[in-house]
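A short write-up of the structure that comes next.
The values are calculated or read from the model by the stated rules, or taken from the named source; none is laboratory data. Remember, it's a predicted structure, so these values are computed and weren't measured experimentally. Cβ atoms come from the backbone with ideal geometry, glycine included; neighbour counts cover every protein chain shown. Just the protein is used for accessible areas: all its heavy atoms, side chains included, with ligands, DNA and RNA removed. Shrake-Rupley method; radii C 1.70, N 1.55, O 1.52, S 1.80 Å.
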Amino acid sequence: MNLGAKRLILIGGTEASLVAELQSRKRLAEVLGVAVPANWPPPLYDQPAIEYTLKYLKENPDATDWIFWYIVLREPSPVAIGITGFKGKPSNDGTVEVGYSVCEQFQKNGYASEAVAALVKVAFGHDEVKSVIGETLPELAPSIRVMEKNGLKFLGNGSEDGVIRYELKREDYEKVPSP
């Protein structure tokens, strides 16, 4: 599944794209049909993350919409600028966790915020989702801004030492008028 956003296309990640990504940047570009910058992958998205995602998709073939997308800038010509997605299907209590990373030269342009907005909309389009969470390091102010721009509120400590968590509950999301 691909998602559209104002300036972006979000191309759904697949087993084929992940295998290509593990092979080479050139192979990933061929599979996605877009340019891939020389400094790919974006920060904090490394080989173990790719391998984890590939394993998750193999074990959960019904989770394609709940895993990740490549963030592609439409203009001037399509180029992969980062990744975004969920860290799996909704939990039993209806929570999904969103994550994102954008290559350095494309940061601070609102692309991550735009991509996360598209994912939040997807998440709350499913009745079983009650909240969207995100985690980051407290020193990553741009990452915090992405969450805050999308209505996520500071919740406290995250799942690991030194990590903080933000959350957007369905009832708060539904109070905001759609653009």
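Counting DSSP beta bridges with both partners in the range 24-179, what percentage is antiparallel, nearest 5? It would help to have the intermediate numbers written out before the result.
Details: 21 of 26 bridges.
Bridges in the range 24-179 that DSSP calls antiparallel: roughly 80 percent.
Compute the Cα gyration tensor for the range 70-179, then decide on rounded, prolate or oblate, letting a ≥ b ≥ c be the square roots of its eigenvalues: rounded whenever a/c is under 1.5, prolate when a/b is larger than b/c in the other cases, and oblate in all that remain. Each step should come with its number before you reach the end.
Details: a/c = 1.75, a/b = 1.28, b/c = 1.36.
Oblate shape, in that a/c is at least 1.5 and b/c is the bigger or equal ratio.
So what is the relative contact order of the chain, in percent, for Cα pairs below 8 Å that sit 6 or more residues apart? Mind showing how you got there, number by number?
Numbers: 308 pairs, mean separation 30.8, N = 179.
Computed over the chain, the figure is 17 percent.
Given H placed on each backbone N at 1.01 Å, which residues far from Gly82 in sequence or on other chains put an amide H within less than 5 Å of it?
Ile71, Cys103
For the range 1-113, what is the percent of antiparallel DSSP beta bridges, rounded to the nearest 5?
Restricted to the range 1-113, the bridges split so that about 95 percent are antiparallel.
List the equivalent ellipsoid semi-axes of the range 1-141 in whole Å, largest first, each obtained as the square root of 5λ for an eigenvalue λ of the Cα gyration tensor. Mind dumping the intermediate values first?
Numbers: eigenvalues 99, 64, 42 Å².
Gyration-tensor ellipsoid for the range 1-141: 22, 18, 15 Å.
So if each residue of separation counts as 0.36 nm, and I subtract the Cα-Cα distance between His126 and Lys153, what length gain in nm does that give? If you can, show how the numbers build up before the last one.
Numbers: separation 27, 0.36 × 27 = 9.72 nm, distance 2.08 nm.
Full extension of this stretch gives 7.6 nm more.
Check which residues have an amide H placed less than 5 Å from Ala5's amide H, if you skip close sequence neighbours.
For Ala5, whose amide H was placed from the backbone, the distant partners under 5 Å are Leu10.
For the range 1-104, what is the accessible area per residue in Å² when the probe is 1.4 Å? Mind dumping the intermediate values first?
Details: 5140 Å² over 104 residues.
Ligands and nucleic acids excluded, the result is 49 Å² per residue.
If each DSSP helix of 4+ residues adds -39,500 (n - 2.57) and the sum is divided by the residues in the chain, what number results at 222 nm, nearest 500 deg cm²/dmol?
Helices in the chain give a 222 nm mean residue ellipticity of -9500 deg cm²/dmol.
So, with a 1.4 angstrom probe, what is the percent of accessible area on the range 14-153 that is carbon and sulfur?
Details: 3570 of 6840 Å².
Roughly 52 percent, rounded to a whole number.
Place a point 7 Å from the Cα of Ala35 along the Cα-to-Cβ direction; which residues of the range 48-85 have their backbone N under 14 Å from it?
72-82
What FRET efficiency comes out for the pair Arg74/Asp161, r = Cβ-Cβ distance, R0 = 45 Å, nearest 0.05?
Numbers: r = 39 Å, r/R0 = 0.87.
In this case the efficiency is close to 0.70.
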